[in-house]
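Everything below concerns the one structure shown next.
The values are calculated or read from the model by the stated rules, or taken from the named source; none is laboratory data. Everything quoted here is computed from the prediction, not taken from an experiment. Here the Cβ positions follow ideal geometry from the backbone for every residue, glycine too, while neighbour counts run over all protein chains shown.
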Amino acid sequence: MSDVTIEIEGDSDAAVALALLRMIAVAEGKEEDGDRNWYLETYAACLAVVRDADILDLDDEDDDEDREDGDGEAVDDPARP
């Protein structure tokens, strides 16, 4: 990926996220055949990363803050800080 050159025009979060999106598209071979949904989801993830926000994974339904065991008791998730 060292041969990829991306120029960022401006220093806004949106500009940096767009540059990151372009880098990912090239690395994954999506620059020509990526679909609209892929671009929108990936740009949203890039923007969240640039803004240091949590990324929502809409595909993961079991990603709740408070998880419960079979008895309705809250369970700590060791994967979460």
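Within segment 16-37, the set of residues being loosely packed, with under 14 Cβ neighbours inside 10 Å and at pLDDT 85 or above comprises Ala27, Glu28, Gly29, Asp35, Arg36, Asn37.
One line per residue, one yes/no per condition, for (1) modelled with pLDDT of 90 or more; (2) assigned to a loop (DSSP other than H, G, I, E, B); (3) within 20 Å of the chain's Cα centre (by Cα):
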{"site": "Thr5", "(1), (2), (3)": "no, yes, no"}
{"site": "Glu9", "(1), (2), (3)": "no, yes, no"}
{"site": "Val49", "(1), (2), (3)": "yes, no, yes"}
{"site": "Ile55", "(1), (2), (3)": "no, yes, yes"}
{"site": "Asp77", "(1), (2), (3)": "no, yes, no"}
